[in-house]
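Take a look at the structure set out below.
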Amino acid sequence: MKTKIFLNLAVKDLKRSVDFFTQLGFSFNEKFTNEKGTCLEIGENINAMLLVEEFYQTFTKKQICDTKTTSEVLIAISVESREKVDEIMEKAVKAGGTDYNQSQDYGWMYQKTFLDVDGHHWEVFFMDENNIPNNPE
C-alpha cells in the first residue's frame with residue numbers, strides 16, 4: 001500500500017463544511033463518511049478528515065484551537081495552473097470562505113489564500129518548477 005496522508009480537521013457543522021468543499025469541486029470518500037465525519041479527497045493519496053468537534057476531541061487530550069485567533073496548520077495544495085488558483089479562490093469566497101491574504105506572485109510561483117467556513121487556512125498555488133530560482137525568496 002502506498003503511503004497516504006490524512007489530515008484531521010475539526011469542524012463545527014459537517015454539512016456546512018461538505019457543502020463548502022463540494023462547491024470548490026472536491027469529492028468525498030463514502031467509505032470514510034458518517035454523521036461524525038467525512039473524508040475529503042484532495043489528491044490521489046492526500047485526504048482531509050473533516051471531523052465534528054465532539055468526535056475530533058476523542059482523538060486528543062488537547063483543547064481544539066479557536067481558528068479565529070489561533071493558527072493550527074497551513075494547508076497548501078498545488079494545482080495545474082494560475083487560472084485554477086483563481087478559480088478555486090473565487091469558488092471559496094462564493095461558498096462562504098474568506099479571502100485571507102493578498103495574492104503572491106513570484107513569477108515561478110503564484111498563490112492565493114482563503115479560510116474555509118471553519119477558519120482553517122488553505123493556500124492554493126501553481127508552481128513552475130522549471131523556473132525556480134536558485135535562492136527562492
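The values are calculated or read from the model by the stated rules, or taken from the named source; none is laboratory data. Keep in mind that this is a model prediction, so the values were computed, not measured. Counting neighbours? That spans all protein chains shown, and the Cβs are built from the backbone with ideal geometry, glycine included.
Please determine whether any residue of segment 59-70 is in contact with a Cys (Cβ under 9 Å, 6 or more places away or on another chain) and in contact (Cβ under 8 Å) with a residue 40 or more places away in the chain. Within segment 59-70, not a single residue is in contact with a Cys (Cβ under 9 Å, 6 or more places away or on another chain) and in contact (Cβ under 8 Å) with a residue 40 or more places away in the chain.
Once segment 86-108 is narrowed to residues that are in contact with a strand residue (DSSP E or B) (Cβ under 8 Å, 6 or more places away or on another chain) and touching a residue at least 24 places away in the same chain (Cβ under 8 Å), the residue that is surrounded by the most Cβ atoms within 10 Å (Cβ to Cβ) is 92. Among the residues making up segment 23-35, those that are surrounded by 14 or more Cβ atoms within 10 Å (Cβ to Cβ) and either touching a residue at least 60 places away in the same chain (Cβ under 8 Å) or out of contact with any Cys (no Cβ under 8 Å at 6 or more places or on another chain) (or both) are 23, 24, 26.
Quick one: would you say residue 32 is part of a helix (DSSP H, G or I), in contact with a strand residue (DSSP E or B) (Cβ under 8 Å, 6 or more places away or on another chain) and within 30 Å of residue 1 (Cα to Cα)? Spell out how you get there, then give the answer.
Numbers: part of a helix (DSSP H, G or I): no; in contact with a strand residue (DSSP E or B) (Cβ under 8 Å, 6 or more places away or on another chain): yes; within 30 Å of residue 1 (Cα to Cα): yes.
Taking the combined requirement at face value, the residue does not satisfy it.
The residues of segment 65-85 that are farther than 16 Å from residue 116 by Cα and either surrounded by fewer than 14 Cβ atoms within 10 Å (Cβ to Cβ) or among the hydroxyl-bearing types (Ser, Thr, Tyr) (or both), listed by number, are 78, 80, 81, 83.
Screening segment 40-137 for strands (runs of 3 or more DSSP E) wholly inside it with 2 or more residues that are assigned by TED's automatic domain parsing to the domain that holds residue 28 returns the ranges 46-52. Here residue 81 clears all of (1) closer than 18 Å to residue 11 by Cα; (2) at pLDDT 95 or above; (3) of a type in the set (Ser, Thr, Tyr) except the condition numbered (1).
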